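Quick notes on the structure that follows.
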Amino acid sequence: MARIRQLIDDGVLMPGSRIPERQLCAQLGISRTPLREAFRTLATAGLIEVQPRRGATVKRLQPDEIDHMFEALEALEGVAGELACERISDEELSAIEVLHGKMMSCYHRRRQRRFFEINQEIHERIVKAAANPVLSRVYEGLSGQIRRIRYLGKSTDRQWAIAAEEHEAIMQALKARNRRRLGATLRAHLKNKRQRVKSLLGT
């Protein structure tokens, strides 16, 4: 199941595409029975749809689903940022600063795909720094569904510039350990990210 989920997250299996059972069985070295068990688990997680006689397809996200997921992500990341300002260690902060530097290097070198990969890792590190395992589990369940969307298409130069500017503001607030400012900045960042995702989907 983890391998199939990775293929979805990495954009190898795109939303709306049919999942080739025989090819996956050969690739993973398994029979159809464990594969279909994995399909059931992934369907419960909202990543795929399984229909009788039509097989499994990667689920397309609808506009209202995107809105609902991002509303939850905005709340979770806002709280995570506030907690991280109180709980983040110097080592964790230094590691995030290094990632931010690499991400901005990707921006200046116009490596958009890698930029958004590191972007996602920074968000995950901030959530981890909140040191709240319940929050982390809920966040992971939601962010896993959003992660695969980053491969649908390229952001416009303006959208990309805004994302870079917002991450600069996120880092400033985190380094200052200003919980109110970081919480508000993360929520605003996620609102803009929601619009970028919806524009990539043409909704």
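The values are calculated or read from the model by the stated rules, or taken from the named source; none is laboratory data. From a predicted model like this one, the values you see are computed outputs, not experimental measurements. Here the Cβ positions follow ideal geometry from the backbone for every residue, glycine too, while neighbour counts run over all protein chains shown.
Observations
- A Cβ distance below 7 Å, combined with a sequence gap of six or more or placement on separate chains, defines the contacts here; from region 98-127, residues that are assigned by TED's automatic domain parsing to the domain that holds Ile170 reach residues that are polar (S, T, N, Q) in the pairs Met103/Asn119; Gln112/Ser155; Val127/Ser136.
- Leading residue by the ranking (nearest to Gln195 (Cα to Cα)) among those in region 51-76 that are part of a strand (DSSP E or B) and touching a residue at least 12 places away in the same chain (Cβ under 8 Å): Val58
- Number of the exception - Cys85 against (1) under 20 Å from Gln172 (Cα atoms); (2) surrounded by 14 or more Cβ atoms within 10 Å (Cβ to Cβ); (3) without any contact (Cβ under 8 Å) to a residue 60 or more places away in the chain: (3)
- Test result for Asn132, touching a Leu at 6+ places or on another chain (Cβ under 7 Å) and among the polar types (S, T, N, Q): yes
- Number of the exception - Met14 against (1) out of contact with any Gly (no Cβ under 8 Å at 6 or more places or on another chain); (2) over 30 Å from Ile170 (Cα atoms); (3) free of Cβ contacts under 8 Å to residues at least 60 places away in the same chain: (3)
- Selection status of Glu117, within 29 Å of Leu61 (Cα to Cα), at pLDDT 90 or above and under 18 Å from the mean Cα position of the chain (by Cα): no
- Qualifying residue in region 23-40 (condition: over 30 Å from Arg179 (Cα atoms), in contact with a helix residue (DSSP H, G or I) (Cβ under 9 Å, 6 or more places away or on another chain), β-branched (Val, Ile, Thr) and in contact (Cβ under 8 Å) with a residue 12 or more places away in the chain): no
- Verdict on Glu77 being under 30 Å from Ala184 (Cα atoms), of a type in the set (Asp, Glu) and in contact with a His (Cβ under 7 Å, 6 or more places away or on another chain): yes
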